[in-house]
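Below is one structure, written out as structure tokens; the observations come after it.
The values are calculated or read from the model by the stated rules, or taken from the named source; none is laboratory data. Just so it is clear, the structure is predicted and the values come from calculations on it, not from any experiment. Here the Cβ positions follow ideal geometry from the backbone for every residue, glycine too, while neighbour counts run over all protein chains shown.
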Amino acid sequence: MKYLVVSDIHGSGYYAEKIEEIVKKENPDKIILLGDLYYHGPRNRLTDGYNPMEVSKILNKYKDIILCTRGNCDAEVDEMISEFKFEDSIQLTIGEKRFFFTHGHKYNIDNIPQNIDVLVYGHFHTGYIKEKDGVLCVNAGSISLPKNDTPHSYLIIDDKQIILKDIDCNIVDSKNF
């Protein structure tokens, strides 16, 4: 199974269209969205092509393969325009490893949940793959508003590796597990 993981779209129609391009290139079985889909947030600038309704139309095309976590900028009204369900977290076993997917504002490298092997989140808009206390901590970065000189990024996860890529599908970092 191949997973495409995207975080922190923040209403960018421009980068939602990039997600469509990435889906065509990567051909994932599932898409995991890590929250902050539509609203830009009070501390962020407006994203390129800010158009939450357009983002929802693009994402809803993939409703049958989307798993989604709720971000700190997501509200009930966001769920009303989405044809998929928002969860607080998603737990999956991938390649015999216990994965915990979340937005990152509650659980992250500084607050790791118990009994997991891999923690995957966004929220901080900085993509990386690091290990802490025996847990692989993976931040997908932000597809639309990266910070700290990191690229616009996403993750690909299959049953043996995690790959952090920029929006041109170039590998930024990877880790076998």
Do any residues in segment 93-104 that are more than 13 Å from Asp159 (Cβ to Cβ) and touching a residue at least 40 places away in the same chain (Cβ under 8 Å) have Cβ atoms under 6 Å from those of residues that are part of a strand (DSSP E or B) and of a type outside the set (A, V, I, L, M), where the two are at least six apart or on different chains, and which pairs are they? Phe101/Thr69; Thr102/Thr69; Thr102/Tyr121; His103/Thr69; Gly104/Tyr121
Check whether at least one residue in segment 128-149 is farther than 15 Å from Ile32 by Cβ, in contact with a Gly (Cβ under 7 Å, 6 or more places away or on another chain) and surrounded by fewer than 18 Cβ atoms within 10 Å (Cβ to Cβ), and report yes or no. no
Per-region count, segment 108-123, residues crowded, with 21+ Cβ neighbours inside 10 Å and not aliphatic (A, V, I, L, M): 3
So which strands (runs of 3 or more DSSP E) stay within segment 1-78 end to end and still have 3 or more residues that are among the acidic types (Asp, Glu) and under 19 Å from Lys106 (Cβ atoms)? none
Restricting attention to strands (runs of 3 or more DSSP E) lying wholly within segment 87-164, give those where 3 or more residues are within 28 Å of Asn51 (Cα to Cα). 153-157
Could you please give the count of residues in segment 15-44 that are modelled with pLDDT of 95 or more and surrounded by fewer than 16 Cβ atoms within 10 Å (Cβ to Cβ)? 7
